[in-house]
Amino acid sequence: MTAAEEWLSFSDAPRILHPPPGPRSAALLAEQGRLETDAVGYPHYFPIAPKVAQGSTIEDLDGNRFIDWVSGISVLNLGHRHPRLVAAMEAQAKQIWHALELPTETRLRFLRALEDALPGNLRGHARIFLTVTGGDAVETAVALADHAQGRQGTIAFSGAYHGVHGGVVNLTAGARYRATSSFRGGNVVRVPYPDPYRPVLGADEGAAGTIRYLEHLVGDPHSGVDRISSVLVEPILGEGGYVVPPEDFLPSLREFCDRHGLLLIADEVQTGLGRTGEMWAVEHSRTTPDILCIAKTIGGGLPLSVVAYRDDLVKELPRGFHLGTYRGNPLALAVGAETLKILKEGDLLERTRRRGGNLIERFRTMADGHPSIGSVRGKGFMIGVEFVHDRVGRKAWGDRAKAMRSALLARGVLMHTCGSWEQVLRFMSPLVIEDELLERGLQAFDEALDSLEIAPESPRPKGPLHPPPAPGELRRLPEHAVPVPGVPPVPGPTLERRKAD
Ligand SMILES: Cc1ncc(COP(=O)(O)O)c(C=O)c1O
């Protein structure tokens, strides 16, 4: 087997034949613009028409090949069309692909695999809700917490993104459906997320200030806050800017919840399933939530999300507590069961931690020569690069991050923004990306930075990125790399170079 056959991705990416949008992409984008609502966003950020995707690469209709560092917003932790996921889905498609909540063998295989993968003392002590989207899962989790506690109220954080569901139940007629919904009054108390780069409540010195504020909210009878049942938190802020909180934040939050009889809900929709180098981001601080929300990679792009909750939270839930026609789609469950298996076997998580740490260093080294980068932070393959007008004032520079997104697209690398001002570029490549593609992406990133920032009077130092990869370190093929059936390998200049090595 040649090295090329072992790649999951197109081995010659990035390859730009026609500056995007090329003519065929442009034609489809124009037709989409005529037929579809103006509300679609991604075609504006990434004006390409995808044709086929493999591993960590996407080819558009014009033959351009892009390195995908977006992963469908953390949906594709195992990359596009992973052969084992394709096989699982094909096998399921020959059996049954819509079964309501009936117990297919695949459903049970999924539930067993999930039970085995849960964090801390949720493992072996959890009940599972199958839901469809991330927002659906969070909505179910909050309603469940309120039901278990007998009061409706949630503490949530600034910068949080949990989805956009929650209103339609008010339009449904049956009182019994509305009875279990938490989205009538909207009793939400907002607290600053502890962001060490933009600290409120002393977040640059740990979580103590945030916890003191929370204590005030629930402990002072005149704080104006009451009836709280739960605290809902992202272990690392996703859409809010890839903000890594102080290390003591989640353990302190756990203790705070225990002190006050509140339930801790972790939204791991974006951080879960290996993205940060652990199966769950809460595991970095050995914190176990009472309720865990899972979505995105669990279905690998097929609609599936999950709520796992401590089995002693509620004695029993009313039948139909939270509903939806498509819950537990068999195709998605087949993909989900295989996804959990792949993530649990082998060393993918360990590699994600190791390579993620190396990548953060590489981005930081690039930042040394580029004062428009104010902060580089992250865990595993969830890395944020924040752009600022100046490092002292830290004024967010969203236009610079968006210009970088375009400059990267032109060089064949897809990267998306996040953060309150869209000032953060986020690295969220598939975990299975080949080392060589990481190198080429970093090279493109450096060139894109240069193209936007270099001032004639102050040329930035040139030379190799520091620290250079150890020999063989970033070139080695991933052990799990397997050929994509029916897709011929694409020889590229790099492979020739490797042969010559
Ligand atoms: C942390 C988090 N929670 C919830 C959601 C909502 O998920 P969905 O878009 O599937 O409803 C997202 C989406 O990006 C998310 O990042």
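The values are calculated or read from the model by the stated rules, or taken from the named source; none is laboratory data. These figures come from a predicted structure and were not determined experimentally. Positions of Cβ are backbone-derived with ideal geometry, glycine not excepted, and every protein chain shown enters the neighbour counts. Heavy atoms of the whole protein, side chains included, go into the accessibility calculation; ligands, DNA and RNA do not. Shrake-Rupley method; radii C 1.70, N 1.55, O 1.52, S 1.80 Å.
Summary table
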{"read-out": "Region 155-182 - residue that is touching a helix residue (DSSP H, G or I) at 6+ places or on another chain (Cβ under 8 Å) and within 14 Å of the ligand (Cβ to nearest atom) and, of those, nearest to PHE256 (Cα to Cα)", "value": "HIS162"}
{"read-out": "Where a residue in region 23-36 is more than 15 Å from ASN64 (Cβ to Cβ) and its partner, wherever it lies, is surrounded by 13 or more Cβ atoms within 10 Å (Cβ to Cβ), with Cβ under 7 Å and at least six apart", "value": "GLN32/PRO43"}
{"read-out": "Selection from region 50-74 of residues that are acidic (Asp, Glu) and closer than 17 Å to GLY300 by Cα", "value": "ASP68"}
{"read-out": "Residue that is farthest from the chain's Cα centre (by Cα) [pool: residues in region 72-119 that are among the aliphatic types (A, V, I, L, M) and within 16 Å of the ligand (Cβ to nearest atom)]", "value": "LEU76"}
{"read-out": "Residue within region 421-436 that is more than 15 Å from the chain's Cα centre (by Cα) and within 24 Å of PRO246 (Cβ to Cβ) present", "value": "yes"}
{"read-out": "GLY202 being touching a helix residue (DSSP H, G or I) at 6+ places or on another chain (Cβ under 8 Å) and modelled with pLDDT of 95 or more", "value": "no"}
{"read-out": "Members of region 271-313 found to be within 28 Å of GLU215 (Cα to Cα) and polar (S, T, N, Q), listed by number", "value": "THR271, SER285, THR287, THR288"}
{"read-out": "Residues of region 237-251 that turn out to be in a loop (DSSP other than H, G, I, E, B) and within 16 Å of the ligand (Cβ to nearest atom), as a count", "value": "7"}
{"read-out": "Meets criteria (under 20 Å from GLY206 (Cβ atoms), more than 16 Å from the ligand (Cβ to nearest atom) and not acidic (Asp, Glu)) for ARG254", "value": "yes"}
{"read-out": "GLN152, sole failed condition from (1) assigned to a loop (DSSP other than H, G, I, E, B); (2) at pLDDT 95 or above", "value": "(2)"}
{"read-out": "Filter result for PRO194 (away from the ligand (no atom under 16 Å from the Cβ), surrounded by 22 or more Cβ atoms within 10 Å (Cβ to Cβ) and assigned by TED's automatic domain parsing to the domain that holds GLU234)", "value": "yes"}
{"read-out": "Where a residue in region 157-169 is within 17 Å of ARG190 (Cα to Cα) and open to solvent by less than 40 Å² (accessible area, probe 1.4 Å) and its partner, wherever it lies, is more than 11 Å from the ligand (Cβ to nearest atom) and not in a loop (DSSP other than H, G, I, E, B), with Cβ under 6 Å and at least six apart", "value": "PHE157/VAL191"}
{"read-out": "Matching helices (runs of 4 or more DSSP H) fully within region 1-83 where at least 3 residues are surrounded by 14 or more Cβ atoms within 10 Å (Cβ to Cβ)", "value": "3-6, 23-35, 71-74"}
{"read-out": "Qualifying residue in region 263-272 (condition: surrounded by 24 or more Cβ atoms within 10 Å (Cβ to Cβ), more than 11 Å from the ligand (Cβ to nearest atom) and not in a strand (DSSP E or B))", "value": "no"}
{"read-out": "Residues located in region 377-419, provided they are open to solvent by 40 Å² or more (accessible area, probe 1.4 Å), closer than 17 Å to GLY240 by Cα and outside any loop (DSSP other than H, G, I, E, B)", "value": "LYS379, ASP399, LYS402"}
{"read-out": "Residues satisfying the stated conditions in region 121-132, i.e. under 24 Å from GLU283 (Cβ atoms), within 16 Å of the ligand (Cβ to nearest atom) and either of a type in the set (D, E, K, R) or open to solvent by 10 Å² or more (accessible area, probe 1.4 Å) (or both)", "value": "PHE129, LEU130"}
{"read-out": "Hits in region 133-151 (condition: crowded, with 22+ Cβ neighbours inside 10 Å and within 14 Å of the ligand (Cβ to nearest atom))", "value": "GLY134, ASP136, ALA137, VAL138, GLU139, THR140, ALA141, VAL142"}
